[in-house]
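Engineer: Have a look at this one before I ask anything.
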Amino acid sequence: MALRDVLLSIAQTPHRLRRRALVTWTPAQELNEVRDRSGARMKRRLEWYDLVGLGVGGMLGAGVFVTTGRVARDTAGPAVFASYVIAGVSALLSSFCYAEFSVRVPVAGGAFSYLRVTFGEFVGFFGGANILMEYVMSNAAVARSFTDYLASTFGVTEPNAWRIVVAGIAEGYNALDVPAVALIVIITVCLCYSTKESSMLNMVLTVFHLLFFAFIIVAGLWNGSARNLVRPHGLAPYGVRGILDGAAIVYFSYIGYDSASTMAEEIRDPARALPVGIAGSVLVVSALYCLMSVALCVMLPYTEITETAPFSSAFREKVGWRWASSVVGAGASLGIVASLLVAMLGQARYLCVIARARLVPSWLAKVHPSTGTPMNATIFLGFCTASLALFTELQIVFEMISIGTLLVFYLVANALIYHRYVKVGVNRPLHVLLFLLLLTLSSLGFSLLWKIDGWCIWGMALFGAISIAITTIFHCTARQDIAGPPSEWSVPLMPWPAAASVFLNVFLITTLKMRSYQRFGIWSLVIIVFYVCYGVHSTYSAEENDVNAMIHHSNLDIS
């Protein structure tokens, strides 16, 4: 591109932002015109049980084995199971929103596609880039925890025993994790080969993992003591605030169900399989998470839980089953492999569809004609994940995880309400936008008052009542304008589930630490700068080329 063209593009940036930032695509365009930009199509080879397996496999492993010990010891105490309940309810409500959207728009773009067809290109890109960041960082965290559990399988308890500590590199980035990188490379190769075979591998790993979960739950409850749930400082030593703070952290455990929605293009019967796979897997995993966290806390007091590989340590040090410690390490390692497999499957499809929209280089959208997989996107994100896992310790990664996921789930819940109650060209969106704004503000008011030391009970009650009142009013007045849910499957009792999802996601976002906001702010700035400097110009130029091509073909037809 010549310097003159670059300068012209920069000068036209405001005009192009006005033209592109709020432009939306219809579900029909996403399913046909946009999908065709990948060349070959992804192959529809998955059944409903594949989706359930992918949803369960994607979530099991990450949460329990990476966050439970840390949250139980430092944030929620033995009441960590209650944190999982709250996070699970929020995830279930969000999963309903995802399920309906995936039936309406059965493409591989997940939240990116849902937001783009509802709120426009910029909001879609902002949400998609955030969920991609969450995927890469959470996958890096899970891969590093794989090294901890694999080492514990062989009786190694030193956290960095299997890592290479390099002098001269800043602390937190100086423990090079070669096993984590090797695992990511192997999974990347598998995902490039075939989605169906990857799903079968995940199914095998998930079955073994469920049996392993059952062993830990039964053995932990059998060898534990209920007294440990109240020792040394009671069931909830950090209070209700600690439980809710813990819920925001363990929400990271539920990011896997989002991967199931990205399989929409590869499901034979999306309308039946997607709701079952997405919502059903959240219910199963929530129950297992609660039982696993209780099993850990009855085995030993929360103050004695170790930060790394807590389940292996509990069996080895407190129960005296050194052999069980190795079993736990092996089972956790298998679960982490399954979790990574599904998450990396999902992240590649997100990037593929973002590239179809021409917001990132289009070569990332290409689907290999033989394997039917987005090979370029898979390899690129595999490289990014491996690079992060090589250097960065878990605590640094955790400070970025959750806030982006919660924000995207918040946006998807808003988008579902808008999509349900606004029909373009028939009714105006003002009353829906006003409802969403008031609901967000009342949720934010409740959440901020909660953070005040000593609380403000009357203020919280007021904002809670306002949230219920405005949802009731909207429910009664907006039904006549409803755009109509899909005939195959829709969220029942709307708008209540989506409104509750908005409220809970806002609440959980406000419980996160300040450093999470700081790093999220930096990442958001990067997203905005990238969109202004590249994305908007790429999509605008592509639009002009498409229009010129249509005019050219029309002229040929006339002549």
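Engineer: For segment 70-183, take the alpha-carbon Rg, divide it by the Kirkwood Rh, and send me Rg/Rh.
Structural biologist: Reported Rg/Rh (Cα atoms, Kirkwood Rh): 1.10.
Engineer: With every protein chain left in place, what is the accessible area per residue of segment 73-182 in square angstrom, probe 1.4 Å?
Structural biologist: 27 Å²
Engineer: May I pose another question? Provide 456, 97 ordered by accessible surface of protein heavy atoms (probe 1.4 Å), highest first.
Structural biologist: Of 456, 97, the descending order of accessible area is 456, 97.
Engineer: Could you give log10 I(q)/I(0) at q = 0.14 Å⁻¹ for segment 119-259, computed by the Debye formula over C-alpha point scatterers of equal weight, without solvent?
Structural biologist: -1.11
Engineer: Got a number for carbon plus sulfur as a percent of segment 49-167's accessible area, 1.4 Å probe?
Structural biologist: 71 percent
Engineer: Taking 0.36 nm per intervening residue step and subtracting the Cα-Cα distance, what contour gain separates residue 433 from residue 477 on full extension? Walk me through the intermediate numbers first.
Structural biologist: On the way: separation 44, 0.36 × 44 = 15.84 nm, distance 1.40 nm.
The residue 433-residue 477 span can extend by a further 14.4 nm.
Engineer: Moving on. In whole Hz and in residue order, list the ³J(HN,Hα) couplings for segment 215-220 that follow from phi through the Karplus curve 6.51 cos²θ - 1.76 cosθ + 1.60, θ = phi - 60°; x for Gly and Pro.
Structural biologist: 4, 5, 5, 5, 5, x
Engineer: State the extension gain, in nm to one decimal, for the chain segment bounded by residue 186 and residue 32, taking 0.36 nm per residue of separation less the distance between their alpha-carbons. Could the numbers behind the result be given before it?
Structural biologist: Working: separation 154, 0.36 × 154 = 55.44 nm, distance 3.30 nm.
That works out to 52.1 nm of additional length.
Engineer: Multiply the residue separation of residue 19 and residue 269 by 0.36 nm, subtract the distance between their alpha-carbon atoms, and state the gained length in nm to one decimal.
Structural biologist: 86.4 nm
Engineer: Still on this structure, I have one more. Ignoring everything but the protein chains, give the 1.4 Å probe accessible area of residue 513 in square angstrom, nearest 10.
Structural biologist: That residue has around 130 Å² of solvent-accessible surface.
Engineer: Quick one: if the Förster radius is 41 Å, what FRET efficiency do residue 204 and residue 322 give, using the C-beta to C-beta distance and rounding to 0.05?
Structural biologist: That gives a FRET efficiency of 0.90.
Engineer: Let me ask something else about it. Please report, in cubic angstrom per residue, the volume enclosed by the convex hull of the alpha-carbon atoms of segment 212-365.
Structural biologist: Details: hull volume 23.1 nm³, N = 154.
Roughly 150 Å³ of hull volume per residue.
Engineer: Express the accessible area of segment 277-358 per residue in Å², computed with a 1.4 Å probe while the remaining protein chains stay in the model.
Structural biologist: 24 Å²
Engineer: Still on this structure: For a Förster distance of 51 Å, can you work out the FRET efficiency between the beta-carbons of residue 8 and residue 456, rounded to the nearest 0.05?
Structural biologist: Using R0 = 51 Å, I get an efficiency of 0.40.
The values are calculated or read from the model by the stated rules, or taken from the named source; none is laboratory data. All figures in this text were calculated on a predicted structure; none of them were measured in a lab. When we count neighbours, we look across all protein chains shown, and the Cβ atoms used for this are built from the backbone with ideal geometry, even at glycine. Each accessible area value is taken on the protein alone, full model and side chains, heavy atoms only, with ligands, DNA and RNA left out. Shrake-Rupley method; radii C 1.70, N 1.55, O 1.52, S 1.80 Å.
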